[in-house]
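> If you scroll down you'll find the structure; I have some questions about it.
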Amino acid sequence: PPTEWPDDRPAATDITDSPFGDSGYYLSYDNRTKRVALSFDIGYAEGNREVRELLAERGIQGTFFMLGGAVDNHPEIIGEVLENGHELGNHSYTHENMLTQTRAQIAWELSVTEKLVQDAYPGATTKDIFRAPFGAINDRVKAVADEQGYHLVGWTVDSADWTDGITADKLYEVVTERVCPGAMIAMHDVNTANGPALPRILDFLDANGYEYVTVTELLFPDR
């Protein structure tokens with residue numbers, strides 16, 4: 001296991017030292033230390049508040065990639081995230097597949113979401129991490145994200161909580177079998193599976209000696 005490798009962990013001075021894949025940066029530069037980032041792509045669901053509070057109660061800081069359309073309708077979400085000690089990322093305004101969008105449309109998705117977040121809570125920002133809807137990126141999406149001041153973030157473990165008919169047992173199995181040092185776990189709005197699965201996943205990670213960090217702490221050596 002990486003945590004037992006005798007060599008020092010890889011040296012890194014910048015996020016660009018982390019592996020970059022089909023959907024963005026997907027694994028920490030340090031894949032030896034048992035650290036993991038819990039990330040959530042969310043719009044608005046009643047159970048989201050309980051998730052944020054559960055993490056806060058257990059002393060865990062998560063990362064919430066926000067949909068601008070949801071912030072537009074429920075600006076109070078931003079305060080709920082930040083006041084529970086979590087961090088924000090950008091997840092677009094409409095959740096449209098950006099591979100079909102123009103540069104101007106992509107820029108609008110990012111900038112409008114950021115403005116809504118700033119307007120919702122003093123000092124709030126989604127910068128500088130962005131997870132594209134569906135993890136769909138190309139050179140055009142990357143170029144616009146760079147211009148807007150964002151790094152593209154993917155995931156190490158897709159919890160599959162978005163798939164039809166997934167159960168809490170299956171979700172738990174997917175995450176616990178694939179988690180590894182330096183991993184980012186991607187989850188979504190609360191549903192009938194990930195609501196009850198999350199406490200069990202946390203118990204597993206606790207029992208196996210994982211430390212919880214935010215996405216930026218995982219990917220940026222200086223944070």
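Just so you know, all these numbers are worked out from the coordinates, no wet-lab data involved. Just so it is clear, the structure is predicted and the values come from calculations on it, not from any experiment. Reconstructed Cβ throughout: ideal geometry from the backbone, glycine too, with neighbour counts over all protein chains shown.
> If one computes the Cα centroid of segment 90-168 and of segment 17-60, what distance in Å separates the two points?
15 Å
> Compute the relative contact order of the chain as a whole-number percentage, counting only Cα pairs closer than 8 Å that sit 6 or more residues apart in sequence.
31 percent
> Projecting each Cα onto the charge dipole of segment 86-180 (Lys/Arg +1, Asp/Glu -1 at the beta carbon, about the Cα centre), which of A104, T156, P122 comes out farthest on the positive side?
Value computed over the given set: A104.
> List the chymotrypsin sites (Phe, Trp or Tyr not before Pro) within segment 122-193 that fall in a DSSP loop (any state other than H, G, I, E or B) and whose Cβ has at most 16 other Cβ atoms within 10 Å.
Filter output for segment 122-193: W162.
> So what is Rg over Rh here for segment 55-140, counting just Cα atoms and using Kirkwood for Rh?
Dividing the radius of gyration by the Kirkwood radius yields 1.00.
> In percent, what relative contact order does segment 95-145 have, based on Cα pairs under 8 Å that are 6 or more apart in sequence?
57 percent
> Given 0.36 nm per residue, what is the gain on full extension from A143 to E50 after removing their alpha carbon distance, in nm?
The A143-E50 span can extend by a further 29.9 nm.
> Computed from the coordinates I sent, Cα extents along the principal axes in Å equals one of (i) 74, 39, 30; (ii) 48, 38, 34; (iii) 55, 43, 33. Tell me the label.
(ii)
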